[in-house]
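Computed from the coordinates by the stated procedures, all read-outs in this text should not be read as laboratory data. The structure displayed is predicted, hence computed values, not measured ones. Cβ placement follows ideal geometry from the backbone for every residue including glycine, while neighbour counts extend to all protein chains displayed.
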Amino acid sequence: MADTRGQPASVRGLLIWLPVLGLCTVVLWLFRDELHEAHMALAYLLVVLGGSARSGRRVGTVLAILAFLTFNFFLLPPLYTLTIADPLDWWILVAFLITGAVAAQLFHRAQSALETAERRAREIDRLSTIGAQSLAGPRAADAVEAIARAIRSELRVPGVQIATVDPASGRAAVLAQDPDEARATRNPELVLLASREGCIVGIGADGTSQLVPEGRDLTWLLSDGRPHVGVMIPLRVHDRTVGVLHIHDRAGLDIDGQQAAFGDTLIYYAALAVERVRLEAEAERVLALREADRLKDALLASVSHDLRTPLTTIRALGAEIRKTGDERGAVIEEEAERLNRFVGDLLDLSRIRSGGMHLRPEIVAAEDLVGAALQRLRGVPDVDRVRVELPPGDALLVGRFDFVQTLRAVANLLENALRHSGGEPVDLHVGEDDGSLVLRVMDRGAGVAEEDRERIFEPFVRGANAGLDGHTGTGLGLAIARSVAEGQGGSLTYAPRRGGGSTFELRLPEGRLQEIS
C-alpha cells in the first residue's frame with residue numbers, strides 16, 4: 001500500500017521537474033560558448049537539488065541521470081553524441097553524477113529525519129493532551145475511563161476494558177471499559193492469570209490462551225502469524241501489577257509496530273490511573289478511620305468525665321453499707337474502684353493522644369524507677385516472682401523521663417507479665433544501648449500471635465492468646481505505655497522470647513549524672 005501510494009507522487013514530481021530540466025538545457029545551450037563546463041554542471045546540480053528537496057530521492061536520482069545524459073548530448077563536444085572528445089570532461093560528468101546522487105540521498109535522509117521529528121512531536125502533543133484530559137480529572141474513576149477511551153481510539157480496536165484484582169477476595173473487578181457495556185469482566189480467569197504472572201496473555205481465535213515469555217512485548221505476540229482476538233496486558237507501577245488491560249476484537253487484532261509503541265505509553269498512563277484509584281480509596285479509608293478515631297476519643301473522654309460523679313456516689317454508698325457489717329459493701333467499693341481506674345485510664349489515654357497531657361522529663365535513676373514499680377505492685381499476687389537484673393558493678397544508670405507516667409508504664413508491663421506468665425518467673429533486665437535506657441520485661445506465657453504483635457498496642461485490642469490463662473482486661477495498659485514512651489522520644493516494642501513467652505522492650509532517653517542540679 002505504501003509503495004503504491006508513493007509511485008504516483010514520484011511520477012507527478014518527475015513530470016513537474018522535467019520541463020525545468022528542459023528549460024535549463026535550452027538556456028545553457030544558448031550560452032554554451034560563453035560558459036565553462038563547471039558552470040553548466042552547477043546549473044544542472046541546482047535542478048537536481050531542487051527536485052530532491054521538493055519531490056524526494058527517486059525524482060532527484062532520475063533527474064541526476066537525465067541531466068548527465070543531457071549535459072553530454074547537448075553541451076559537451078562533439079555535440080549531439082554521447083561521446084566526449086576531452087577526457088577531462090569525463091571527470092566533470094562523473095563528479096556531477098556522483099554529487100547529484102549523493103545530494104539526493106542527503107536530502108532524503110534530512111527529509112526522513114524531519115518527518116520522524118514531526119511525528120514524534122505530534123505524538124508528544126497527543127500524549128500531553130491525553131494525560132491532561134485523563135490524569136488531571138477530578139475523580140480517579142474518570143481518569144481510568146478517559147484512558148480507556150484514548151487507548152481504544154489510538155489503537156483502533158472495538159473494545160477496551162481495564163480491570164483490577166481485589167487482593168482480599170482474589171476476584172477481578174472492572175474499573176472502566178469502552179464502549180460502556182455491562183460491567184462484567186470477559187475471561188476473568190485470564191485477568192487473574194495476567195495479574196498473577198505479570199506477563200501478557202494472548203487470546204487466540206480458537207479460544208486458546210498464550211503466555212508471552214518475559215522480555216517479549218505486544219508486537220512479538222501479534223507477529224507470530226496466528227490470529228488473536230484479545231490480549232491481556234498487566235498494568236505495572238514500580239514493579240507491582242496494579243491492574244490488567246484487556247484489548248479485544250472479534251475480527252482479529254491488527255496493531256502495527258508504530259501503534260504498539262505509542263500504546264506502550266498509554267498503557268503506562270492506564271497503570272498510573274489505576275494506581276490513583278487505589279490511592280484515592282486508601283486515602284478515603286484513612287480519613288474515615290482517623291475521623292472515627294477522633295470521634296471515639298471525644299466520646300470516651302465525654303463519657304469518662306460523666307462517669308466520675310456517679311462512681312463517687314457508688315463508692316460512698318458502698319462504704320456506708322460496709323459500715324453496717326454487710327460484706328456486699330466491700331464488694332461494691334472494690335468494683336467501683338476498679339471501674340474508677342478504668343475511667344482514669346480512658347481519660348489519660350485520651351489526654352496523651354490528643355497532646356493534652358504534659359510530660360515533665362527529669363533525670364531519674366533506673367534503680368529508683370524499678371523500686372517504685374515493685375512497690376506499686378505490692379498488692380498484685382505473686383509479685384515476688386519478678387526477678388530484677390541490673391548491670392554488674394557500681395555503674396548508676398539514669399534516664400530523662402517523666403517519673404510518674406513512666407512508673408505507670410513499667411507497672412503496667414510487669415502486671416501484664418505476671419498475669420500471663422502462668423506461674424513462671426518474670427525477668428526485668430535493665431541496661432543501656434545506643435544512647436537509650438532499656439528495660440526488658442520477659443515472661444514465659446503463651447506469647448502473642450504474629451498477626452497481633454502490633455495490634456496489641458492499640459486501645460481495647462487484646463491478642464488472640466489473651467484469654468488462654470483465664471485473665472481478662474480492658475486492653476488499655478499497653479496502649480498507654482506505648483503512648484507514654486513515644487511522647488518522651490522513646491519506644492515500646494514486642495518480640496517473642498526465645499524458648500517461649502514474650503519480651504516487651506521499653507526504651508527511654510538516656511540521661512547524665514552531670515545534669516542533676
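So here's what we get for this one:
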{"read-out": "Using alpha-carbon coordinates, inclination of helix 188-197 to the longest axis of the chain, degrees", "value": "90 degrees"}
{"read-out": "[x] 16, 24, 23, 18, 10, 8, 2, 0; [y] 16, 34, 35, 15, 1; [z] 20, 49, 25, 6, 0, with the label sought being that of the calculated P(r) over Cα pairs in 20 Å bins from 0, in percent", "value": "[x]"}
{"read-out": "Fewest-first ranking of PHE342, PHE71, PHE31, using other Cβ atoms within 10 Å as the exposure measure", "value": "PHE31, PHE342, PHE71"}
{"read-out": "In degrees, nearest ten, helix 257-323 long axis to first principal axis of the chain (Cα)", "value": "10 degrees"}
{"read-out": "Peptides 234-241, 288-295 ordered by average Cβ neighbours within 10 Å, highest first", "value": "234-241, 288-295"}
{"read-out": "Degrees separating the helix 2-30 axis from the principal Cα axis of the chain, which is the longest one", "value": "40 degrees"}
{"read-out": "Nearest-0.05 FRET efficiency for GLU450 and ASP224, computed from C-beta distance (R0 51 Å)", "value": "0.60"}
{"read-out": "Rounded to whole Hz, the Karplus (6.51, -1.76, 1.60) HN-Hα couplings of the stretch 334-339, x for glycine and proline", "value": "5, 5, 5, 5, 5, 5"}
{"read-out": "The chain, relative contact order in percent, only Cα pairs under 8 angstrom and at least six apart counted", "value": "8 percent"}
{"read-out": "Coarse-grained scattering of the stretch 362-515 at q = 0.10 Å⁻¹, given as base-10 log I(q)/I(0) from a Debye sum over alpha-carbon atoms", "value": "-0.32"}
{"read-out": "Sorted peptide list for 436-447, 218-229, 242-253, criterion being average Cβ within 10 angstrom, highest first", "value": "436-447, 242-253, 218-229"}
{"read-out": "Cα-projected label distance for GLU291 with GLU197, points at 7 Å along beta-carbon direction, nm", "value": "4.4 nm"}
{"read-out": "Long-range HN-HN contacts of LEU35 with modeled amide H, under 5 Å", "value": "none"}
